[in-house]
Structures are given as C-alpha cells and as structure tokens.
Amino acid sequence: MKKFLYLLLFTSYIFSTGCNENNLNKKRVNVAVAANVSYAIDELIAEFNKIYPDIEVQVSLGSSGKLTAQIKNSAPYQIFMSANMLYPETLYRDKIAITEPVIYAKGGLALLSKKGIDLSKGLELLRDKSINRVAIANPKTAPYGVASFEALKRAKIFNAVKEKFVYGESISQTVSYTVTATDIGLIAKSSLFSPNLSHFKEGVNWITIENSLYTPIKQGIVILKAGQDREEVKLFYDFILSKKAETVLKRYGYM
C-alpha cells in the first residue's frame, strides 16, 4: 500500500511540474535587458524564435546599474544587454563577462509631453514658468540620465532647470513619470515606439533632441560566465548582432 501511495505521489508530481519530453528538451536563455530595450525585446525574441522555436528566452528588465549589481552578486543571467558600454566593460574587466562588449544599438533622446505644449523651442522650453516638473533619468543608475545631463549642460540650461527634476531610476520609470506626474520629460527615443505611447505624435507631443548636444548612447552586449559553452546562449547573442535584429531595433528608434 505504501509503495502504491509513493508511486501515486511521484506520478502526480511529474504531471504537476510539467515534466514531459517537450519541457525536458526545451533550451532556455536568461537575458538581463536594460529597461530602454523593453519595447523592442518582445519582437526581437519573436524573430529569434522563428529561427529557433525550441529555445525559450527569459528576460529580466531593469536599469543597467541595478542589473550589473545583480550580476556581480551571482544572478544567473547568461547575457547582458546594457544601455551603455560602461557596465559591460566593467564586467569584462572583472572577468564576469567572457566576451568583450560589442555595440548592438545606439540610443537617442527625445522630449515628450502629454500636454499641448509648443515644442518648437526645444530644450529652451524647460525654462518656461509653465513647466514645473521635468522627468529625467537618474545618471547614477541609467545611461540615458548621463546623456540627458550632457544635453542640458551643452544647451546651457542645466543650472536654470535642475530644481525641476523628478528622477526615474530607469528610463521606463522616467517615461512613466513623464506621462503621469510631470509636465515634460527627457526620455529614450526608443520608448516612443511602445504601443502604450503610439498615440503621441511627433511635433505635437514629442521632438527629437539634437544629437549634437550629447554623445549617442552606445549600448553593449556581453555573454556572462553563466552562459559559457551554451550553444543556445551563443545563438541568441549572434542573433542580436545580426542584420535581422538591426532591422527590428531601427523600427524602435535606435540609430
């Protein structure tokens, strides 16, 4: 009777955990992805799965700084798609990444407001008394914050508007603040290609910030130690650097 019960329990466990041949053969890639890529990553994975349907890609989103901290604390990510080159270079220097950082995209900045504001003044608009709160990414945790600071300083308005800043810890949080809590925001241009922001119109709700005011953000990718000698990891890494992925990323506002 006991043996029968053990067999019954074991059989139930097998079915409840989905332990079947398909799941056993399913390969998985764990990817840490900078928040600004969140709008493009689903389509990138969908295109990848057209070629490799048996490889599951699991994504963890966050600011590049926080993801790097998690990686240094042994988070089991196998690939890191950063919003800049600094963090991947640090991981490579510390021998946590096993490949040298390679640029997979270049990001740009845009100015977005949900209000009917005349955007023709560009960044000078931030001086206006009608603008009380400006959403901006925190440069300590988000590369787009560094670029935003650079643009404002080169435009010679940083000191005049810095008291208006409302900081987001990642670019996705900055976008959220822009559309819910502030008058205007400096965001990643790629964010505007999210379905949730598609109703905002260029020239009406947003404009591109001139590239000459800041250094376009070189976004780097690396394979981490947890992904070493894993064929599925190398396949996804190579795909992100392919022409097919480049085409997808261009559709989402990357240079």
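The values are calculated or read from the model by the stated rules, or taken from the named source; none is laboratory data. Source: prediction; values computed, not measured. Methodologically, a virtual Cβ is constructed for each residue, glycine included, from the backbone with ideal geometry; neighbour enumeration extends over all protein chains shown.
Say whether the condition of being of a type in the set (Ser, Thr, Tyr), out of contact with any Lys or Arg (no Cβ under 7 Å at 6 or more places or on another chain) and assigned to a loop (DSSP other than H, G, I, E, B) is met by at least one residue in the stretch 120-133.
Yes: the stretch 120-133 contains one or more residues that are of a type in the set (Ser, Thr, Tyr), out of contact with any Lys or Arg (no Cβ under 7 Å at 6 or more places or on another chain) and assigned to a loop (DSSP other than H, G, I, E, B).
Inspect all residues belonging to the stretch 154-161 and state whether any of them is closer than 19 Å to Gly122 by Cα, basic (Lys, Arg), modelled with pLDDT of 95 or more and not assigned by TED's automatic domain parsing to the domain that holds Tyr52.
For the stretch 154-161, residues closer than 19 Å to Gly122 by Cα, basic (Lys, Arg), modelled with pLDDT of 95 or more and not assigned by TED's automatic domain parsing to the domain that holds Tyr52: present.
Looking only at the stretch 113-132, which residues are buried (at least 16 other Cβ atoms within 10 Å of the Cβ) and basic (Lys, Arg)?
Within the stretch 113-132, Lys114 is the sole residue that qualifies.
A quick yes/no check of all residues on (1) without any contact (Cβ under 8 Å) to a residue 24 or more places away in the chain; (2) of a type in the set (A, V, I, L, M, F, W, C); (3) surrounded by 19 or more Cβ atoms within 10 Å (Cβ to Cβ); (4) part of a strand (DSSP E or B):
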{"residue": "Val57", "(1), (2), (3), (4)": "no, yes, yes, yes"}
{"residue": "Ser60", "(1), (2), (3), (4)": "no, no, no, yes"}
{"residue": "Thr68", "(1), (2), (3), (4)": "yes, no, yes, no"}
{"residue": "Ile71", "(1), (2), (3), (4)": "no, yes, yes, no"}
{"residue": "Ala75", "(1), (2), (3), (4)": "no, yes, no, no"}
{"residue": "Tyr87", "(1), (2), (3), (4)": "no, no, yes, no"}
{"residue": "Tyr104", "(1), (2), (3), (4)": "no, no, yes, yes"}
{"residue": "Leu111", "(1), (2), (3), (4)": "no, yes, yes, yes"}
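If Cys19 satisfies every condition in (1) modelled with pLDDT under 95; (2) buried (at least 18 other Cβ atoms within 10 Å of the Cβ) but one, which is the exception?
(2)
Looking only at residues that are among the aromatic types (Phe, Trp, Tyr) and in a helix (DSSP H, G or I) in the stretch 169-220, which one is surrounded by the most Cβ atoms within 10 Å (Cβ to Cβ)?
My answer is Tyr177.
Identify the single condition in (1) surrounded by fewer than 16 Cβ atoms within 10 Å (Cβ to Cβ); (2) in a strand (DSSP E or B); (3) within 12 Å of the chain's Cα centre (by Cα) that Val33 does not satisfy, given that it satisfies every other one.
Unmet condition: (1).
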